[in-house]
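Trainee: One structure coming up, written as structure tokens, with questions to follow.
Any read-out appearing in this document is the output of simple, stated calculations on the displayed coordinates, not a laboratory observation. Here the structure is a predicted model, which means the values were calculated and not measured. FYI the Cβ positions are ideal-geometry reconstructions off the backbone, even for glycines, and counts take in every protein chain you see.
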Amino acid sequence: MAGPDGPEAGRPLGVHREDSLPTGVLPTPIAFVVPERLPVPPVLGGAVERWVHEVSLQVREAGHPVAVASRPAGSGAGGDAPVAPDAGDGIERLAAQWAPWAQRLEAWRQTVPQRHPLRALAKAVLVADYAWRVRRALRGQPAGVLYVHNDPFLAWLLGSRRGRRTVLHLHNDHLVNPLLRPVVKALLPRVHKVLFVCDHLRDQAARAFPAHAPRFVTVLNGTDPQQFQPHPAHAGTEGITFVYAGRLMPDKGVHVLLEAFAQVRPQIPHARLVIVGSSFFVGAPITAYERGLREQAGPMGDAVEFTGFLSPPEVARLYAGASAVVVPSVWAEPCPLVVLEAMACAACVVASRVGGIPELIDDGGNGVLVPPDSAVALAQAMCRVAADVSLRQRLGRAAREAVLARHTWAHVAQNVARELTA
């Protein structure tokens, strides 16, 4: 792939032209459908929405007709503006508008704890309404591929249509959710393929549904190495800075990172920790967990900074200037975009050895892996990379090389198009 000064320098970030369709491959209409909550383009954030935005552009450039169904680009669970004005990218954008009652229900759902007994019921109602609206929007679309992301229930509700293949793409472990098992058992015989963002998820699903495993395929995530790239002039100019970027929720282990950073400070008194993100998206309410994080960080004063939600270019600048980007997840994180984005910036990544992260990071080769939920192990790793500039640089260079070799959006789109059209 050409670098930022090469022949693609004038193209929009995130768009890298691939060759046209190979000889004998016919254009296939593909309708991407994201979950019920956020819009595409991802003006409010969202990893799945970001993925769909980037890959749909690439697939369209390869010659396939593309439509994307999502919520409108309003204010989260509100707003009824069009998804986006015509950007001239050739993608048809299908807006599944919010009903007023659905806006109110979603706003309530954001305020209740993750394990509230009525939260799952509220989501099911919202998904059902969204599915009805998406089905209406799809009526005029040609048969081809219905490409549903990260929601087996939504794929089941959208149903089948003569001449159209349904492909489900899992970014999390929803396929093995016990609550969805009856839905999944009814859905799997009807889908053409199920794609997964890492082998960890695919293998988990294959154990649960071995009869369908031959149609399970892994397509690792990607990133944009033009938008996320090193800035050597910035690196290491502000002392030791650790960066976390992601949702502020217990599974992400931010509390473990703060505990580890408290152990780092006596050894590196001038170290800083920058925490980027919110509970979910732009304008998301501050949760009890986030308030607890701020209280936990309080004794460390200005050494810890909470930035709130930042745009990708702002996050890229932080990655490029960080001593290390820390991913302290305590759950089986499948294939986090933050890891690939930091790697593309040639940042030294210190991450938990969980889920699909070891499929991206070779411990000691292009990053550092630590046991999950261990503040002691995390603090030791942070101190080790902070004390060794040459180690950080070596790991960062290898990380970016890995992204350029196999983790660009162009690579992802090629793999996806092959699976959707095969």
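Trainee: Under the rule that a partner needs its Cβ under 4.7 Å from the first Cβ, which Cys of the chain have none?
Mentor: Taking the Cβ cut-off of 4.7 Å, the unpaired cysteines of the chain are C345, C348, C383.
Trainee: Along the three principal axes, how long is the chain when you take its alpha carbons, biggest first, rounded to the nearest angstrom?
Mentor: Result for the chain: principal-axis Cα extents of 65, 51, 44 Å.
Trainee: Here's a follow-up. In which sequence would V125, V370 go, from the one with the fewest C-beta neighbours within 10 Å to the one with the most? Before the final figure, lay out each step's value.
Mentor: On the way: V125 15, V370 25.
In increasing order of surrounding Cβ atoms, one gets V125, V370.
Trainee: 222 nm [θ] for the chain, helices only, -39500 (n - 2.57) per DSSP H run of 4+, per residue, to 500? Each step should come with its number before you reach the end.
Mentor: Details: 13 runs with 154 residues, N = 422.
When only DSSP H runs of four or more count, the value is -11500 deg cm²/dmol.
Trainee: Residues in the stretch 338-359 near a label at L404, defined as backbone nitrogen under 19 Å from the 7 Å Cα→Cβ point?
Mentor: In the stretch 338-359, the label zone of L404 (backbone N under 19 Å from the point 7 Å along Cα→Cβ) covers 340-349.
Trainee: Using the alpha-carbon centroid of each, what span in Å lies between the stretch 86-117 and the stretch 195-227?
Mentor: Result: 26 Å between the Cα centres.
Trainee: Arrange T223, T28 by Cβ neighbour counts within 10 Å, fewest through most, would you?
Mentor: Details: T223 27, T28 19.
Ordered from fewest to most neighbouring Cβ atoms within 10 Å, T223, T28 come out as T28, T223.
Trainee: Now for a separate question. I need the shape label for the stretch 291-394. Rule: rounded when a/c is under 1.5, else prolate if a/b > b/c, else oblate, with a, b, c from the alpha carbon gyration tensor.
Mentor: On the way: a/c = 1.31, a/b = 1.22, b/c = 1.07.
Note, shape of the stretch 291-394 comes out rounded.
Trainee: Let me ask something additional. When the chain is treated as a GNM, springs tying every alpha-carbon pair under 10 Å, which of A186, A320, A99 comes out with the largest mean-square fluctuation?
Mentor: Looking only at A186, A320, A99, the largest GNM fluctuation is found for A186.
Trainee: Any chance you could give the angle, 0 to 90 degrees and rounded to 10, that helix 117-137 forms with the longest Cα principal axis of the chain?
Mentor: 50 degrees
Trainee: Express in nm, to one decimal, how much length is gained between T307 and R104 on full extension, taking 0.36 nm for each residue of separation and deducting their alpha carbon distance.
Mentor: Values: separation 203, 0.36 × 203 = 73.08 nm, distance 2.78 nm.
Extra length available between T307 and R104 comes to 70.3 nm.
Trainee: Now for a separate question. For the stretch 363-400 and the stretch 306-341, what is the separation of their C-alpha centers, rounded to whole Å?
Mentor: Measuring centre to centre over Cα atoms gives 15 Å.
Trainee: Run the simple label-point estimate for A213 and W132 please: 7 Å along Cα→C-beta, distance reported in nm.
Mentor: My value for the distance between the label points is 4.0 nm.
Trainee: Let me ask you something else. Please give the per residue volume of the convex hull enclosing the alpha carbon atoms of the stretch 120-229, rounded to a whole number of Å³. Walk me through the numbers before you get to the answer.
Mentor: Numbers: hull volume 15.3 nm³, N = 110.
Value for the stretch 120-229: 139 Å³ per residue.
Trainee: Here's something else I'd like to know. Using the Cα atoms of the stretch 164-224, I'd like the radius of gyration and the largest Cα-Cα distance, Dmax, both in angstrom.
Mentor: Rg, Dmax (Cα atoms, Å): 11.3, 38.
Trainee: Right, another one. Among the trypsin sites (Lys or Arg not before Pro) within the stretch 91-155, which fall in a DSSP loop and have no more than 15 other Cβ atoms within 10 Å of their own Cβ? Write down the numbers at each step before the final one.
Mentor: Working: sites: R93, R104, R109, R115, R119, K123, R133, R135, R136, R139; in loops: R115, R139.
Hits after loop and neighbour filter: R115, R139.
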